[in-house]
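Reviewing the structure listed below.
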Amino acid sequence: MRMFAVYVVIFSATFLSQPCQLQAGMLIAVTYRGKPLSFYVIQSRTPDLRAEAIRSIGNFGPQAVSAIPRLAEGLKDGDVEVRIASAWALSQVSAVIDEAAVKALAQSLSDENPEVRSLSAVALRAAGPKAGSAVPVLISALSDPALYVRVPAADALGNIGSAARAAVGPLIECLKMKDEQTFVLRSAATALGNIGADAHSALPALVETLKLTRASYAAKEAILRINGEPVPSYW
């Protein structure tokens, strides 16, 4: 936990656009290896150091809960590497993510950089039902030009569950889309299954998807879930 505190201080000093004298001063009485935490504050605010500090915070997973507001701010950073690092770090703390961070991630789904959009969708996927407020933007992300944005967006809708019932129509359209990538078809089918009985209108499209060898198993499981039938375990 003390190492976590060190990284939080380093993160604050490198990440904020304003000087962090107050934060460092408040930590004078706390020591690590015999020195005050203020000793470890990195004064440089260069993008590469901010990104590295953010990734370090993400490596602490749920223990980094106190850093979530700062990570969410990173999604608005002018440097793309910082935004990428922030989205990734938030995906690592998803178990303790809050609504403000969910909203920040939802906004990042419209970032100009596809990697930021992808990792934002991944973070929302990891947040599960807590990402319910992001359903509208996740639906929009199903039409993203990048495959690696569409897939986690569909996954995220499925992980939200029945609260994502508004996505049933758009997910059906994904299944019907000519030449759509198999990865997207699988994720869309799985998402419909996870939404459950509210996705009953998707059954005809799922039956058609059974004809596609590489997506058939996902469609079969989805049909079973929607109908409330037990899903066999293959592992």
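Details
- Against the rule of thumb 2.2 N^0.38 Å, how large the Cα Rg of region 94-225 comes out: 0.97
- Two-site FRET efficiency, Asp98 against Ser216, from Cβ-Cβ distance with R₀ of 30 Å, rounded to 0.05: 0.15
- Euclidean distance between Cα centres, region 208-235 to region 47-86, Å: 38 Å
- Segment Arg165-Glu112, length gained on full extension (0.36 nm per residue, minus Cα span): 16.3 nm
- Electrostatic tally near Pro230: other residues with Cβ closer than 14 Å to its Cβ, Lys and Arg +1, Asp and Glu -1, net 0.
- Amide N proximity, region 83-117 versus Ser133 label position 7 Å along Cα-to-Cβ, cut-off under 14 Å: 97-108
- Contact order normalised by residue count of region 177-235, Cα under 8 Å, 6+ apart, percent: 39 percent
- Share of carbon and sulfur in the accessible area of region 116-216 stands at 57%, probe radius 1.4 Å.
- Theoretical FRET efficiency, 1/(1+(r/R0)^6), r = Cβ-Cβ of Ser143 and Asn227, R0 30 Å, to 0.05: 0.60
- Dmax and Rg, reported as Rg then Dmax, of region 172-222 (C-alpha, Å): 9.4, 28
The values are calculated or read from the model by the stated rules, or taken from the named source; none is laboratory data. Just so we're clear, the structure is a prediction, and the values are computed from it rather than from any experiment. Glycine also receives a Cβ, built like all others from the backbone with ideal geometry; neighbour counts cover every protein chain displayed. Note: areas computed on protein heavy atoms with side chains; ligands, DNA, RNA excluded. Shrake-Rupley method; radii C 1.70, N 1.55, O 1.52, S 1.80 Å.
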